[in-house]
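What follows draws every value from the coordinates through simple rules; no lab data is involved. Please read these numbers as outputs of a predicted model, since none were measured by experiment. Note that each Cβ is placed from the backbone with ideal geometry, even for glycine, and that neighbours are counted across all protein chains shown.
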Amino acid sequence: MQRTLMMKLLEWKARPSRMPLLLYGARQVGKTYLLQEFGRTCFQDTIYINFETDSRLASEFSGDIDPHRLIGVLELYFNRKINPDSTLIILDEIQACERALTSLKYFCERAPQYPIVAAGSVLGVTVHRNQHSFPVGKVEMLTLYPMDFEEFLRALGQEALIDVIREAYANHAPLPGALHEKALELFKTYLMVGGMPGAVLAYLKDGRMLDALSVQSLILSSYVADMSKYASPAETTRILACFDSIPAQLAKENRKFQYKVVKKGGSATIFGPSIDWLVAAGVVLKCDRIEHPFIPLAAHRDLSAFKLYMADTGLLLCKSGVPASIMFSGWDNSTFSGAIAENYVAASLKAKGYPLYYWESKGTAEIDFILPRGEEVIPIEVKAGVHTKSRSLGVYRAQYKPDHVIRISHRNFGVENGIQAVPMYAVFCM
């Protein structure tokens, strides 16, 4: 499967003065596959180490972590010469070997000629809890998210459709009706399958949604297992309670996260660290409320209000128990369709590297996403169907008079009353 992040890896490889690379991402988003594919296609040889399965090599990092000593150990262990010009070193599941994480600092300082990349499950959690071992300023960092809709289309062999969608987005020109409907149908399929590579691969094999659902269930179980593995029993209970509340949080008309939905009497003091754990693990995405849409947006955050979305829409639907029939025949009548649409847009924007913010005005008006683009701030409204009337957008426009406004819905491309219409399936173009 072709991943867009491969271009970032190629840029890293081409830099003359590169640091070791640390790849973040939730479990099962395809980190190992991507790095091994990077090694296979861009290097003559790859040294792959998994610290969870190879305790012998992990022990070699427990003492002296001088890079030149470690290179010598790896050459003897794999019985291959490590050439800095043609060998990629992959340190996988690096959270299982704290000293290996620390060694990246010394590779940066003493042996920068060696291309070395590291990745791991719930890496964000272990890094936050072991700051003393993190090589601050000595590594480059990238994050891999689940496959977005463009990557899904490419996996389906729909490259021509991708080109047509990109052209229509650039020109604000509607797609022919048949192509628009085809893109919407594929988009609904993507919502169910999601972007976890294992689920996509299972679906592609025979085109059976149930096969993807089975993989999604296993992934959700692995997330719960990680909670037990990397948190105390008391912490695990609170983390799981927050995780399990997400469908109910998004089903509300006001999707702001409410601690009382997790548990009666819940508060930020009780559940705040649990939410931080889920965000650090890459399992959920946090969308902060801003009081005023001015650059820099982070300076106008209201830290008391936020929304939580699942990092993958397919996992959200699996966890929520939404049947496929609703996606294809009952979308317009589903009370959960708005939540699904918002979650999809949040995941798509995050995969593009955008921070997630929304705007609310004293509980009377709300804009789903506020997108920073240079010095411009773009309000984005998300509508689940083709009915796009909105009082909130009118309130926002009257107050802030933005130059650029985007509405994402099931409608075709176009511009009307100064609002750019972007179909759901074209969010990857933004």
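Per-residue 3J(HN,Hα) values for the stretch 413-421, derived from phi via the Karplus relation 6.51 cos²θ - 1.76 cosθ + 1.60 with θ = phi - 60°, read 4, x, 9, 9, 6, x, 10, 7, 8 Hz in sequence order (x marks Gly and Pro).
With R₀ set to 45 Å, the beta-carbon distance separating Arg56 from Ala298 gives a calculated FRET efficiency near 0.50.
Stretching Ala251 away from Lys389 to a fully extended chain increases their span by 47.6 nm, per 0.36 nm per residue minus the current alpha-carbon distance.
When the square roots of the Cα gyration tensor eigenvalues are ordered a ≥ b ≥ c, the ratio a/c for the stretch 189-259 is 1.5 or more and a/b does not exceed b/c, which makes its shape oblate. The simple Förster model, with R0 at 25 Å and r as the Cβ-Cβ distance, assigns Asn83 and Val136 a FRET efficiency of 0.30.
Once a ≥ b ≥ c are taken as the square roots of the eigenvalues of the Cα gyration tensor of the stretch 6-143, is the result rounded (a/c under 1.5), prolate (a/b larger than b/c) or oblate (a/b not larger than b/c)? Here the stretch 6-143 falls in the rounded category.
Evaluated with a Cβ-only charge set (Lys, Arg +1; Asp, Glu -1), the stretch 6-143 carries a dipole of roughly 260 debye about its Cα centre, given to the nearest 20.
Each of Arg154, Arg40 has some number of other Cβ atoms within 10 Å of its Cβ, and from fewest to most they run Arg40, Arg154. Between the amide H of Gly25 and those of Leu123, Gly124, Leu144, distances stay under 5 Å, these residues lying 5 or more places away or on another chain, with hydrogens modeled in the peptide plane. Computed packing ranks the peptides 80-91, 180-191, 204-215, 339-350 as 339-350, 180-191, 80-91, 204-215, most packed first, by mean other Cβ atoms within 10 Å. Using the average count of surrounding beta-carbon atoms within 10 Å as a protection proxy, the listed peptides 20-29, 156-165 rank, highest first, as 20-29, 156-165. If only the Cβ of Lys and Arg carry +1 and only the Cβ of Asp and Glu carry -1, the dipole of the chain around its Cα centre is close to 720 debye.
When shorter helices are ignored and each DSSP H run of at least 4 residues is given -39500 (n - 2.57), the per-residue value for the chain at 222 nm works out to -14500 deg cm²/dmol. Subtracting the Cα-Cα distance of Arg69 and Ala225 from their residue separation scaled by 0.36 nm leaves 52.6 nm. Listed by Cβ neighbour count within 10 Å, with the fewest neighbours leading, Met327, Met141, Met6, Met424 appear as Met141, Met6, Met327, Met424. So for the chain, taking the charge dipole from beta-carbon charges (+1 Lys/Arg, -1 Asp/Glu), which of Leu34, Leu210, Pro233 sits furthest toward the positive end? My answer, from the dipole projection, is Pro233. Normalised by 2.2 N^0.38 Å, where N is the number of residues, the C-alpha radius of gyration of the stretch 335-382 stands at 1.19.
The fewest-to-most ranking of Phe413, Phe134 by surrounding Cβ atoms within 10 Å reads Phe134, Phe413. The distance between label points at Gln258 and Asp45 comes to 6.1 nm (points 7 Å beyond Cα on the Cα→Cβ vector). Among Ser409, Ser103, Ser62, the residue with the largest mean-square fluctuation in a Gaussian network model of the chain, with springs joining Cα atoms closer than 10 Å, is Ser62. Remark: the Glu159-Leu10 segment gains 51.5 nm on full extension, using 0.36 nm per residue and subtracting the alpha carbon distance.
Report the residues of the stretch 23-47 in range of a label on Leu76: point 7 Å along Cα→C-beta, backbone N strictly under 20 Å from it. Output list for this probe position: 47.
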